[in-house]
Amino acid sequence: MSESNTERTQSKVFGEVAELYHAVRPDYPDGLYNWMIETSSVNGHDLLLDIGCGTGKSSAPFLRRGFTVLGVEPDSMMARVALRELGDLDTFSIEQLPLDELRTIPSQASLVYAGQSWHWMNPETRFESVASLLNPDGWLCVFWNRPEQTQQSFDTEMDALYDELAPSLNAGSSKIRLPGLKAAIAADSPKDEFDLSGLFEPVHTYEESWEKVMSSDEHVQSLMTQSDHRMLPEESRIELFSRVQELIDNDGGRYKQRFTTHAYAARLSV
């Protein structure tokens, strides 16, 4: 079925590939969850909110640790996968609506977190919305897996390919190759956003680097879940994916990609 970009919103295209998103998007390191739990001092009696929970990838590690999680996800297809994967647990539930429309929850949350999703929340209201859902000692944590700009032997050919088929994705110093590289925020950094909101105490930060061997299939499948690529005209997108895969296959079929998990957490200011 052909697509009309005039009828599609970039923040809502993930549902088109919800199953693929769940299969290929990388998980988060265990160290991140240990850090969030230690930093926020949450325990098994506390309610956690996963904002923009998608298919539940960022909730599953908390659930395995015995926490109760309420997911908030406006996309019906993403929410369906999350419920299929996690809905048999009585410690997981989901509200299918945007953060701005979440008015009531079972109890005030001790931790609100957003994995790979905070930049899709309304920048005018997201901090205020979260603050209204937190208990007085509650925390907000936002985090991303971001690929590092490592050098690959096929970079020159890849640049030429993007210049030909998707020049807008190849402009400037940040060349969009994998999900997470580009995160739209309203300040120079998420830390600055916390500070500018005036609603939270000083920010705690976490970083962990790790590597993943990417095959040409995995690379292209990852691109299929990336909103910038999904917003390309369908014909251009299909040709781009085909030629990207061919290029990597001709260069050995796989490569090593370094990622860094970045997290920012702060307690509600009272």
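Which of the residues that make up segment 228-248 are surrounded by fewer than 18 Cβ atoms within 10 Å (Cβ to Cβ) and in contact (Cβ under 8 Å) with a residue 40 or more places away in the chain? Lay out the reasoning, then the answer.
Start the filter on segment 228-248 by keeping residues that are surrounded by fewer than 18 Cβ atoms within 10 Å (Cβ to Cβ), which leaves 228, 231, 233-236, 238-239, 242-243, 246-247.
Selection gives D228, M231, P233, E234, S236, E239, R243, L247.
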For segment 203-223, what are the residues that are part of a strand (DSSP E or B) and either of a type outside the set (F, W, Y) or surrounded by 19 or more Cβ atoms within 10 Å (Cβ to Cβ) (or both)? H204, T205, E207, E208, S209, E211, K212, V213, M214, S215
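Right, P167: free of Cβ contacts under 8 Å to residues at least 40 places away in the same chain and under 29 Å from R258 (Cβ atoms) or not?
Working: free of Cβ contacts under 8 Å to residues at least 40 places away in the same chain: yes; under 29 Å from R258 (Cβ atoms): yes.
The answer is yes for P167.
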Going by the conditions given, is D159 under 30 Å from L247 (Cβ atoms) and among the acidic types (D, E)? yes
Pairs under 7 Å by beta carbon, first residue at negative phi in segment 111-129, partner surrounded by fewer than 24 Cβ atoms within 10 Å (Cβ to Cβ) and β-branched (V, I, T), six or more apart or different chains? L111/V42; H119/I185
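Quick one: in segment 228-264, of everything that is of a type in the set (S, T, Y) and more than 24 Å from the chain's Cα centre (by Cα), which residue is modelled with the lowest pLDDT?
Within segment 228-264, the subset of a type in the set (S, T, Y) is 236, 242, 255, 260-261, 264.
Right, trim to more than 24 Å from the chain's Cα centre (by Cα) and you get 236, 242.
Working: S236: 91, S242: 97.
The qualifying residue modelled with the lowest pLDDT is S236.
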Looking only at segment 61-91, filter to residues that are hydrophobic (A, V, I, L, M, F, W, C), in contact with a Phe, Trp or Tyr (Cβ under 9 Å, 6 or more places away or on another chain) and assigned to a helix (DSSP H, G or I); which one of those is nearest to Y33 (Cα to Cα)? F62
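Is it the case that some residue within segment 113-120 is surrounded by 15 or more Cβ atoms within 10 Å (Cβ to Cβ), at pLDDT 90 or above, in contact with a strand residue (DSSP E or B) (Cβ under 7 Å, 6 or more places away or on another chain) and among the hydroxyl-bearing types (S, T, Y)?
We begin by selecting, within segment 113-120, every residue surrounded by 15 or more Cβ atoms within 10 Å (Cβ to Cβ); these are 113-120.
From the residues that got through so far, the ones that are at pLDDT 90 or above too are 113-118.
Narrowing the set further to residues that are in contact with a strand residue (DSSP E or B) (Cβ under 7 Å, 6 or more places away or on another chain) leaves 113-118.
In the following step, the residues that additionally are among the hydroxyl-bearing types (S, T, Y) were identified as 113, 117.
Yes; the residues of segment 113-120 include at least one that is surrounded by 15 or more Cβ atoms within 10 Å (Cβ to Cβ), at pLDDT 90 or above, in contact with a strand residue (DSSP E or B) (Cβ under 7 Å, 6 or more places away or on another chain) and among the hydroxyl-bearing types (S, T, Y).
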In segment 19-54, residue surrounded by the most Cβ atoms within 10 Å (Cβ to Cβ) [restricted to those that are out of contact with any Ser or Thr (no Cβ under 9 Å at 6 or more places or on another chain) and farther than 26 Å from R80 by Cα]: M36
Any residue at all in segment 17-33 that's of a type in the set (D, E, K, R), over 16 Å from the mean Cα position of the chain (by Cα) and modelled with pLDDT of 95 or more? yes
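Tell me the residue from F200, F194 that is surrounded by 18 or more Cβ atoms within 10 Å (Cβ to Cβ), under 18 Å from T125 (Cα atoms) and in contact with a helix residue (DSSP H, G or I) (Cβ under 6 Å, 6 or more places away or on another chain), please. Reasoning before the result, please.
Details: F194 fails: in contact with a helix residue (DSSP H, G or I) (Cβ under 6 Å, 6 or more places away or on another chain).
Residue meeting the stated conditions: F200.
Do you know which residues across segment 137-183 are in a loop (DSSP other than H, G, I, E, B), modelled with pLDDT of 80 or more and touching a helix residue (DSSP H, G or I) at 6+ places or on another chain (Cβ under 8 Å)?
Within segment 137-183, Q152, F154, A166 meet the criteria.
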Report, by residue number, each residue of segment 79-94 that is surrounded by 19 or more Cβ atoms within 10 Å (Cβ to Cβ) and within 17 Å of F67 (Cα to Cα). A82, L86, F92, I94
When you scan segment 224-251, how many residues do you find that are within 14 Å of Y162 (Cβ to Cβ) and part of a loop (DSSP other than H, G, I, E, B)? 2
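The values are calculated or read from the model by the stated rules, or taken from the named source; none is laboratory data. In this text, all values refer to a predicted model and were calculated from it rather than measured experimentally. Every residue, glycine as well, gets a Cβ built from its backbone with ideal geometry; the counts of neighbours run over all protein chains shown.
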